[in-house]
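Structure first, commentary second.
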Amino acid sequence: MTKVKKNKSAIQRRLIPSYIFLIIISFISVFPFYWMISAATNRTLDVARGKLTFGNYAVENFNKLVSQTPLWKALGNSFYYAALQTILVLFICSLAGYGFELYHDKWKDRLFAVLLLAMMIPQVATMIPLFKMMSSWGLLNNVWAFVLPAISTPFMIMLFRQNSRNFPIDIMEAARIDGLSEIGIFFKIYMPVMKSTYAAAAVVAFMNAWNSYMWPKVVMFSTDSQTMPMLISTLASGYTVDYGVLMMGVLFCSLPTMIIFFILQKSFAEGISGSVK
């Protein structure tokens, strides 16, 4: 027993540097979030001086944010755009990944290789052609100008295709024998079985849509179409910046994505690792 205790204590002593390192990394990761919250409760002068404790100006900063900006309109727009884009991304990319993997042939592999090459093209290179396309279709300053360019991405298709390799083919064959159509197999069997992958893809798609700034800035002109990242940019672009109000706006912009990630974090980890339920 004494040898076992000595071994345990020796192992624990060896792990102390690892624990210290993890504590330091955790503090570095959490500190920006803490500073954002504390800055949202302080005046601009206090933030500029580097004050790190909480202040008493949270209500004042919130009232200024609501009175100076269309906060609720921007929040509503961001939720609407992000939710619509996420739903379309999940449906179209999962259908594409399902087809690429479960209806397999060499021509689809070649097409998929070309699709992966599209991941190397930067968004800035496609922005002018996309703008001209949306302009010719009369979709500028419209929700569809925001949503359509992002509803099918190579990364999402690849995610669904890779995870579809763990999908049990025997279930599909049994469903066909029972007379279920191919569309029925996708909706009634594939989607429930791949729910972890859908959750992971939903987190990524929602965060990408919510945090999108450059493309909405190009195609959205009116204040009524403004999203939260666009609103934050207007707060930071004046001659004098009220950092308390700015941090309050950043806090409102950050909370929805954090809440969604915390709710779906278990399913997100399972989906990224390729688990099938």
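Structural remarks
- Förster-model FRET efficiency, 35 Å R0, Ser135 and Asp105, C-beta, rounded to 0.05: 0.40
- Simple label model, 7 Å out from Cα along Cβ direction - Thr53 to Phe31, nm: 1.9
- Phe262 paired with Arg14, simple spin-label distance in nm, labels 7 Å along Cα-to-beta-carbon: 3.7
- Simple label model, 7 Å out from Cα along Cβ direction - Ala83 to Ser233, nm: 2.5
- The chain - mean residue ellipticity at 222 nm from DSSP helices (-39,500 (n - 2.57) per run, n ≥ 4, rounded to 500): -24000 deg cm²/dmol
- Three-way shape label, the chain, alpha-carbon gyration tensor, a/c 1.5: oblate
- Linear extension gain, Leu22 paired with Ser152, 0.36 nm per residue minus alpha-carbon span: 43.0 nm
- Note on the range 186-277: with charges restricted to the Cβ of Lys and Arg (+1) and Asp and Glu (-1), its dipole about the Cα centre is near 440 debye.
Read the figures in this text as sums done on the coordinates, not as results from a lab. Note that the structure is predicted; figures quoted are calculated from it, not measured. Note: ideal-geometry Cβ built from the backbone for every residue, glycine included; neighbour counts use all protein chains shown.
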